[in-house]
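This report concerns only the one structure given below.
The values are calculated or read from the model by the stated rules, or taken from the named source; none is laboratory data. A quick note: this is a predicted structure, and the numbers were derived from the prediction, not measured. Cβ atoms come from the backbone with ideal geometry, glycine included; neighbour counts cover every protein chain shown. The accessibility values were calculated without ligands, DNA or RNA, using every heavy atom of the protein model including side chains. Shrake-Rupley method; radii C 1.70, N 1.55, O 1.52, S 1.80 Å.
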Amino acid sequence: MDRTDNFRRSIALLILLTLVPSVGCINLVSSLLYPTNETPARYSGMKEKKVVVVCIASPSFRSETDTSRNLATMVEKLLGAHVPDIQIISQQKIDDWQDTSNWDRLDARKLGKGVGADIVVAIDLAHLEIQEHPSMYKGKADFSVSVFDMTDKGKVVFESTDQTLEFPANGTFSSASLTEDKFRRKFMQSISVWIAHDFYKHDAHDYLAMDETFVTNR
């Protein structure tokens, strides 16, 4: 099952959940829509490898340096928790190397070589926006992900380009229930889960569970 199928099922689930009031019915609908929950990794070559995650954010939005570091940190934590025997190269090591390398944050392969990585996960965060309305929040992000194998001359071994993610997928979050900073963190977490899921076997419901509109709208 690919991501398009998962999203179509997710949208169908969101619609059906507006029609059923009980948790038991929700679980039944979910089971019918997802006969199997397990989704394989789209790229599974990180086991027992030294992996560095770097995010390059557009300077067009607020605190792009903090945003890029936070997203990279969230992704690397997920990889560390779910990919067997992976060795994560920390963001601090990137900072230490960058201080002496004059790295322009454009060449991911140069970074990988500099910090001794086997695999580089490069996230290009082209756009991130939180649409503010008088009483609600909605996030939108445009990004691409490339994976480079430094043990094979920096070969591109995986790409996921021109991704657009809206959060929540259905509806909005009320600004009365959380601050903008808390919403931003939820939004960043949703992006990190979406990206990290490409690299390990996961439950197809995990991403949907983050989108709380299926609870608030039922």
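Structure values in brief
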item	result
Number of the exception - ASP142 against (1) open to solvent by less than 80 Å² (accessible area, probe 1.4 Å); (2) under 18 Å from LYS50 (Cα atoms); (3) of a type outside the set (Gly, Ala, Ser); (4) out of contact with any Phe, Trp or Tyr (no Cβ under 8 Å at 6 or more places or on another chain)	(2)
Members of the range 34-44 that are surrounded by fewer than 17 Cβ atoms within 10 Å (Cβ to Cβ) and either modelled with pLDDT under 85 or under 14 Å from ASP118 (Cα atoms) (or both)	PRO35, THR36, ASN37, GLU38, SER44
Pick from the range 157-169, criterion over 17 Å from HIS127 (Cβ atoms) and within 18 Å of the chain's Cα centre (by Cα), ranking: most open to solvent (accessible area, probe 1.4 Å)	GLU159
Scope the range 154-178; condition under 20 Å from ARG42 (Cα atoms) and part of a strand (DSSP E or B); matching residues	LYS155, VAL156, VAL157, PHE158, GLU159, SER160, THR161, ASP162, GLN163, THR164, LEU165
Filter result (surrounded by 14 or more Cβ atoms within 10 Å (Cβ to Cβ), at pLDDT 80 or above and assigned to a loop (DSSP other than H, G, I, E, B)) within the range 179-218	TYR200
Close pairs (7 angstrom Cβ cut-off, 6 or more residues apart or separate chains): closer than 24 Å to ASN170 by Cα in the range 127-154, of a type in the set (Lys, Arg) and open to solvent by 60 Å² or more (accessible area, probe 1.4 Å) anywhere	GLU129/LYS140; GLN131/LYS140
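The rows are residues; the columns are (1) open to solvent by 10 Å² or more (accessible area, probe 1.4 Å); (2) under 11 Å from VAL54 (Cα atoms).
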{"site": "GLN91", "(1), (2)": "yes, yes"}
{"site": "ASP99", "(1), (2)": "yes, no"}
{"site": "ASP107", "(1), (2)": "yes, yes"}
{"site": "VAL120", "(1), (2)": "no, yes"}
{"site": "GLN131", "(1), (2)": "yes, no"}
